[in-house]
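Structure first, then comments.
What follows is calculated from the coordinates using simple rules that are stated; it is not laboratory data. Not measured: the values here are computed from a predicted model. As a convention, Cβ positions derive from the backbone with ideal geometry for all residues, glycine included, and neighbour counts pool all protein chains shown.
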Amino acid sequence: MSIWVAILILIGGIALSIWGANLLVDNAALMARRLGLSEFVIGIVIVGIGTSFPEMSVSFYSSIMNMPDMSIGNIIGSDIFNTLMILGLTSLIKPIPYKAGNIKRDVPLSIGAAVILAGMALFKKSFSRVEGAILLSAFVIYLLITLREGRKQATLEAAAAGCEVKEHMSFGQTVKISSFILAGIGMLVLGGKCFVDGASAIARACGVTEAFIAITIVAAGTSLPELVSNIVSIAKGKGQMALGNIIGSNISNILLIVGGSALIHPLSITNVTIVDFAVLLLSQAFLFTAAFMFKKNTIDRGDGIIYLCSYGAYLAWLICNL
């Protein structure tokens, strides 16, 4: 592949991702209004899980091929990138406020999932099929609770605004909106793959090592759907959808993807370092401090700078330890 073709593929991947993100965010917001759900819940259930498809495919394939460190490493890297890089960049564009449900339920569960993953990996060094089934069950329970609470929240917000919540969609509307959402997710995933392929080819042409490509370009490429959809969400004034996307992705990465990977094949963890888990827990601690400290309940631009600097330091450590 010539460098000019690689550049065109990279640009095409970015353009496709932006187009897909617009399609996904607009129709996800429309579905939220039609079903009487909050934008945060749609961010978790549709945007968050949908944009986790690249991580899911990598981890499930790695589990099938009996490469457990790849399965776990992919999830750790994705959750770190989601919180430090994506929320960092998003909050620089516009501060992201928390709501009561985020503080009481969503952030604590995201932190708890990360603690469970780190604890199991560092002390037990494995996930059995039974433990995978438990994680999957926890994910289903969380989804059901989130949907129920999201409907209540949307009803309260509609009542405060003096309007009614629409709860009915015709079959034709459901098919149309769902098709646009699926198309948007597909564009994001395909755009991320084109970005990885094009950027990797350019990096190789410039003499960059495969290890560096894996740590930087591939990691960013699998999280490109979350990144682009978050930037589009915040630009459209949908901060709760942006927050739901990241928290939903983080939770589904651990409960759904690690759980599913362990169910496919028991996972034994050997080569993921304590530093990786420490940074994962630190990223979740940042969510805690934004929610509970200084009584601000907002991920503001100051937090965003801290998140980005922390990710930069972690990336520098990875490069130095190649």
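Overview of values
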read-out: Selected residue (criterion: surrounded by the fewest Cβ atoms within 10 Å (Cβ to Cβ)) from residues of segment 289-308 that are under 17 Å from the mean Cα position of the chain (by Cα) and part of a helix (DSSP H, G or I); value: Leu308
read-out: Unique match (being in contact with a strand residue (DSSP E or B) (Cβ under 8 Å, 6 or more places away or on another chain) and either in contact (Cβ under 8 Å) with a residue 12 or more places away in the chain or crowded, with 24+ Cβ neighbours inside 10 Å (or both)) among Phe81, Phe60, Phe127; value: Phe127
read-out: Those residues of segment 236-262 which are over 13 Å from the mean Cα position of the chain (by Cα) and either surrounded by fewer than 24 Cβ atoms within 10 Å (Cβ to Cβ) or assigned to a helix (DSSP H, G or I) (or both), in sequence order; value: Lys236, Gly237, Gly239, Gln240, Val258, Gly259, Gly260, Ser261, Ala262
read-out: Helices (runs of 4 or more DSSP H) wholly inside segment 1-90 that include at least 2 residues being within 13 Å of the chain's Cα centre (by Cα) and within 23 Å of Ser283 (Cα to Cα); value: 53-64, 68-80
read-out: Any hit, segment 96-118, residues being of a type in the set (D, E, K, R), closer than 24 Å to Ile231 by Cβ, out of contact with any Lys or Arg (no Cβ under 9 Å at 6 or more places or on another chain) and not in a helix (DSSP H, G or I); value: yes
read-out: Condition broken by Ser17, with the remaining ones in (1) under 17 Å from Ser223 (Cα atoms); (2) surrounded by fewer than 18 Cβ atoms within 10 Å (Cβ to Cβ); (3) of a type in the set (Ser, Thr, Tyr) satisfied; value: (2)
